[in-house]
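Before any comments, here is the structure.
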Amino acid sequence: MLTFDGIYTPAITPYAEDGRIDFAAFADVLESLIEARVHGIIIGGSTGEYYAQSTEERLSLVEHARKVIGNRLPLVVGTGAIRTEDAVAFATHARDHKADAILVTSPPYALPTELENAHHALTVDKAAQLPIMLYNYPGRMGITMGETYFREVSRSKNVVAIKESSGDFNNLHLLACKFPNIALSCGWDDQALEFFAWGARSWVCAGSNFIPREHVALYNACVIEKDFDKGRKIMAAMMPLMNFLDGGKFVQSIKYGAELIGLKTGAVRAPLQALAEEEKAQLKAVIEGVKRDVAAVTVL
């Protein structure tokens, strides 16, 4: 059974000028993450723009990722969908292509109760029989996973972790205190230090697409070295980036950050629009500052 330890990167999806997925550039993205020594890769997450992709594209990305990654890193596949039947199809496809785990979120728009949402997750679980990282992101899904939900899904031994992206410390405390069977993973970037203090051993962070070593440095300081004085210094150095990413153009910023390190990313898909030139200049300056200030704290 996969244990979620370390930095898990939700990989971006590069597009060619004609709008189609650029699979050669996608392979370069994956290789850059492997070279940077992140601990796992997620395909089909929000950062990968799964919501703007066809079913065929999502399946093709998983198949391509499996071929490129091989057995070098764990591969986690997102199953997010409005219909439970579609989530099941994504999950079984992930199983058939030897994914190491799946990401299971709440179905958006339907607004199920916690019991209904738990039934959704357990239905996906029954079909796939893979380790599951839950993905609690009420800002996009419209509902939150709570105590009733966690109690119900804990019936399955496959539910081993959660990317907690509510931003609500009450949920962090609930999980840490009452559901230690579900390993915490930080999904709200500016709370990473607090997650690690509460026992999280992983961080799903989109910024690791372009500054992976800085993210790994925070994980190492807090989880491996248990040096929270050092961790606070690294986190303080990274906060300007966290604040910039909160500005409303998250995926665009991640893709531009990846472009700055030489990766071919292409545009974001509609309805999103690219960063303005002024925003690009601001982000570039923020990233340079983060790299300089983290390097002053630790050797990368």
Of all residues in the stretch 141-169, how many are open to solvent by 30 Å² or more (accessible area, probe 1.4 Å), in contact with a Ser or Thr (Cβ under 6 Å, 6 or more places away or on another chain) and either more than 21 Å from S46 (Cα to Cα) or assigned to a helix (DSSP H, G or I) (or both)? 0
Among the candidates G70, G44, G78, residue that is in contact with a Phe, Trp or Tyr (Cβ under 9 Å, 6 or more places away or on another chain) and at positive phi: G44
What's the number of the condition T3 fails, among (1) among the polar types (S, T, N, Q); (2) open to solvent by less than 30 Å² (accessible area, probe 1.4 Å); (3) assigned to a loop (DSSP other than H, G, I, E, B)? (2)
Would you be able to tell me the number of residues in the stretch 181-198 that are farther than 19 Å from I224 by Cα and more than 19 Å from the chain's Cα centre (by Cα)? 1
Out of E279, E288, report the one residue that is open to solvent by 70 Å² or more (accessible area, probe 1.4 Å), at pLDDT 95 or above and farther than 18 Å from Q53 by Cβ. E288
Going by the conditions given, is V153 under 23 Å from D86 (Cβ atoms), touching a residue at least 40 places away in the same chain (Cβ under 8 Å) and not small (G, A, S)? no
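The values are calculated or read from the model by the stated rules, or taken from the named source; none is laboratory data. These numbers come from a predicted model, not from an experiment. In this analysis, Cβ positions are derived from the backbone assuming ideal geometry, glycine residues included, and neighbour counts consider all displayed protein chains. Side chains included, ligands, DNA and RNA excluded: accessible areas come from the protein's heavy atoms. Shrake-Rupley method; radii C 1.70, N 1.55, O 1.52, S 1.80 Å.
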